[in-house]
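The values are calculated or read from the model by the stated rules, or taken from the named source; none is laboratory data. As the structure is a prediction and not an experimental result, all values here were calculated from the model. Don't worry about glycine lacking a Cβ; one is built from the backbone with ideal geometry, like all the others, and counts go over all protein chains shown.
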Amino acid sequence: MAEDYIVKDIALAGYGRKELDIAETEMPGLMALREEYGETKPLTGARITGSLHMTIQTAALIETLVALGADVRWASCNIFSTQDHAAAVIAEGGVPVFAIKGQSLAEHWDYLDRSFQFEDGPNMILDDGGDATLYVLLGARAEAGEDLGVPTSEEEEVIQAQIAKRMEQSPGWFTRTRDAILGVSEETTTGVHRLYDLHKKGQLPFPAINVNDSVTKSKFDNKYGCKESLVDGIRRATDVMMAGKVAVVCGYGDVGKGSAASLAGAGARVKVTEVDPICALQAAMDGFEVVTLEDVVDSADIFITTTGNKDIIRIEHMRAMKDMAIVGNIGHFDNEIQVASLKNHKWTNVKEQVDMIEMPSGNRIILLSEGRLLNLGNATGHPSFVMSASFTNQVLAQIELFTKGDEYRPGVYILPKHLDEKVARLHLGRIGAKLSTLSPEQAAYIGVTPEGPFKPEHYRY
Ligand code: NAI
């Protein structure tokens with residue numbers, strides 16, 4: 001039988017295992033779940049399709065899901081984010097994985113399709129950005145006779161072609177798969193937006209857990225993760241001296257806060273653009289000048305988008321930039337920068353995921369990862385420790401939906417606060433943090449119990 005995986009080179013598995021062993025020492029949350037649930041195996045019978053950057057940290061997540069009893073098939077959620085040695089070690093361990101760093105868009109959607117092909121079909125989705133969920137729901141709509149419309153981008157064209165192929169190969173597959181899904185856990189801000197939107201339109205047929213809005217996810221991964229991985233990506237791509245440069249961060253949400261801190265920590269002079277007055281005020285009071293992009297487009301050296309919104313850096317901006325300005329995105333999708341509008345410019349590929357593009361004026365820009373998230377395209381994403389917090393939430397969400405999914409109506413839910421606090425608690429020991437304890441009198445005085453939860457739902461951290 002042909003191998004049930006697609007990786008760059010299975011011989012990289014040994015290297016992958018060494019890095020995975022190191023990562024495990026930094027992922028106390030995941031290791032604690034293996035300890036807690038390794039015998040009872042609450043995910044026995046779960047057939048999880050995972051669509052999430054195939055990194056070393058994700059390999060630790062996959063091995064945790066398997067240790068808890070799940071059958072898993074995996075694809076990456078981005079064409080540039082796979083670490084080939086991570087994919088190799090997972091494939092060697094017997095988990096079907098379909099991911100190669102630098103795969104084409106057509107391969108990307110074919111690989112996603114393959115990650116759904118369990119013999120008995122999947123019953124759970126673990127998603128990052130919502131593509132796996134989108135694939136099933138869009139396909140089911142097509143099977144119901146809906147016209148998916150004329151594609152407005154190359155990627156939409158590829159998705160529709162992939163859906164048509166699957167419909168021809170296995171009629172009714174999308175509808176059967178949709179109906180078998182017990183629930184989805186979603187990793188990121190952009191995917192969560194999509195889920196709430198689907199629910200609002202009455203198009204979300206199963207319960208979803210919004211992992212992103214666990215405090216121990218968005219206030220840690222999005223912020224402290226980007227604080228480490230943004231500059232890492234820029235440095236690996238360009239080796240440029242960051243100190244003294246003027247850097248513009250578009251958006252000051254959680255990712256923007258981490259990104260601005262990352263650049264400031266490297267000595268750059270950071271400016272921020274925002275549309276939300278609250279976030280703009282936060283940026284100003286954190287010490288960053290709040291500007292419009294137009295104000296600084298011809299003087300700044302580094303431009304980073306973090307908005308989860310589209311058309312932030314447009315062609316007219318890139319044409320006005322100074323020679324050798326660096327342009328990159330750390331938001332989930334590549335539409336924050338109008339890369340498509342650069343197609344008929346002169347591109348010089350410097351190395352993988354680094355391109356120099358000449359503007360009509362003769363000025364050049366350095367574009368990172370073709371506008372896809374650069375911390376995963378040009379570097380290796382966030383460090384293990386912070387991903388342990390994110391992925392501990394993911395595993396708890398999978399257990400909740402798989403074991404109690406029938407208690408949930410279709411909708412988008414957040415894990416309860418006691419689990420959020422548990423995730424944080426599991427990470428304290430590794431960094432030598434000691435918790436204080438409330439006396440019963442103190443607890444009563446502030447209206448909580450000594451064991452927590454310690455804050456009301458409306459508290460914002
Ligand atoms: P967020 O909603 O907290 O922040 C986005 C900010 O951008 C908001 O404050 C919003 O007001 C601002 N914004 C929107 N349109 C704007 C415009 N035209 N100009 C200036 N500012 C604008 O979202 P979060 O959690 O910071 O996530 C941002 C993106 O990053 C999402 O796509 C998310 O999925 C992705 N993400 C990427 C990670 C990575 O490792 N690369 C990690 C976590 C999230």
Legend entry - Per-region count, the range 9-68, residues surrounded by fewer than 17 Cβ atoms within 10 Å (Cβ to Cβ) and either under 22 Å from the mean Cα position of the chain (by Cα) or of a type in the set (Val, Ile, Thr) (or both): 5
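Per-residue answers, yes or no, for (1) part of a strand (DSSP E or B); (2) of a type outside the set (Asp, Glu); (3) in contact with a helix residue (DSSP H, G or I) (Cβ under 7 Å, 6 or more places away or on another chain):
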position	(1), (2), (3)
ALA247	yes, yes, yes
GLY258	no, yes, yes
SER262	no, yes, yes
ILE278	no, yes, no
GLN282	no, yes, no
ASP295	no, no, no
SER299	no, yes, no
PHE303	yes, yes, no
THR307	no, yes, yes
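Residues that are over 16 Å from the mean Cα position of the chain (by Cα): find the helices (runs of 4 or more DSSP H) completely inside the range 167-219 holding 1 or more of those.
On the way: elements: 173-180, 189-200, 215-218.
Helices (runs of 4 or more DSSP H) meeting the threshold: 173-180, 189-200.
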Inset, instruction - Quick one: which residue in ALA237, ALA284 is surrounded by 17 or more Cβ atoms within 10 Å (Cβ to Cβ) and modelled with pLDDT of 95 or more? - result: ALA237
Inset, instruction - Could you list, in sequence order, all residues of the range 176-214 that are more than 24 Å from GLY121 (Cβ to Cβ) and either in contact with a Cys (Cβ under 6 Å, 6 or more places away or on another chain) or among the acidic types (Asp, Glu) (or both)? - result: ASP197, ASP213
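Quick check on this structure: which one of LEU230, LEU198 is on the phi < 0 side of the Ramachandran plot, touching a residue at least 40 places away in the same chain (Cβ under 8 Å) and surrounded by 24 or more Cβ atoms within 10 Å (Cβ to Cβ)?
Values: LEU198 fails: surrounded by 24 or more Cβ atoms within 10 Å (Cβ to Cβ).
Just one listed residue meets the conditions, LEU230.
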Inset, instruction - Quick one: which residue in VAL184, VAL192 is surrounded by 16 or more Cβ atoms within 10 Å (Cβ to Cβ), within 18 Å of GLY405 (Cα to Cα) and within 16 Å of the ligand (Cβ to nearest atom)? - result: VAL184
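Quick check on my filter: what residues within the range 236-246 are away from the ligand (no atom under 15 Å from the Cβ) and touching a residue at least 40 places away in the same chain (Cβ under 8 Å)?
We begin by selecting, within the range 236-246, every residue away from the ligand (no atom under 15 Å from the Cβ); these are 238-246.
Result: THR238, VAL240, MET242, LYS245, VAL246.
Residue-by-condition table, conditions (1) in the same structural domain as LYS322 (by the TED database); (2) within 26 Å of ARG235 (Cα to Cα); (3) within 13 Å of the ligand (Cβ to nearest atom):
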site: VAL255; (1), (2), (3): yes, yes, yes
site: GLY258; (1), (2), (3): yes, yes, yes
site: ALA261; (1), (2), (3): yes, yes, yes
site: ALA266; (1), (2), (3): yes, yes, no
site: ARG269; (1), (2), (3): yes, yes, no
site: VAL272; (1), (2), (3): yes, yes, yes
site: PRO277; (1), (2), (3): yes, no, yes
site: GLN282; (1), (2), (3): yes, no, yes
site: VAL291; (1), (2), (3): yes, yes, yes
Legend entry - Residues (touching a residue at least 24 places away in the same chain (Cβ under 8 Å) and assigned to a strand (DSSP E or B)) located in the range 321-350: ALA325, ILE326, VAL327, GLY328, ASN329, ILE337
Legend entry - Filter result for VAL448 (without any contact (Cβ under 8 Å) to a residue 24 or more places away in the chain and of a type in the set (Val, Ile, Thr)): yes
Legend entry - Qualifying residue in the range 305-320 (condition: touching a Lys or Arg at 6+ places or on another chain (Cβ under 8 Å) and more than 9 Å from the ligand (Cβ to nearest atom)): no
Inset, instruction - Under 7 Å between Cβ atoms, at least 6 apart or on separate chains: pull out the pairs that start in the range 137-152 with a residue that is in contact (Cβ under 8 Å) with a residue 24 or more places away in the chain and end on any residue that is of a type in the set (S, T, N, Q) and assigned to a loop (DSSP other than H, G, I, E, B). - result: LEU137/GLN203
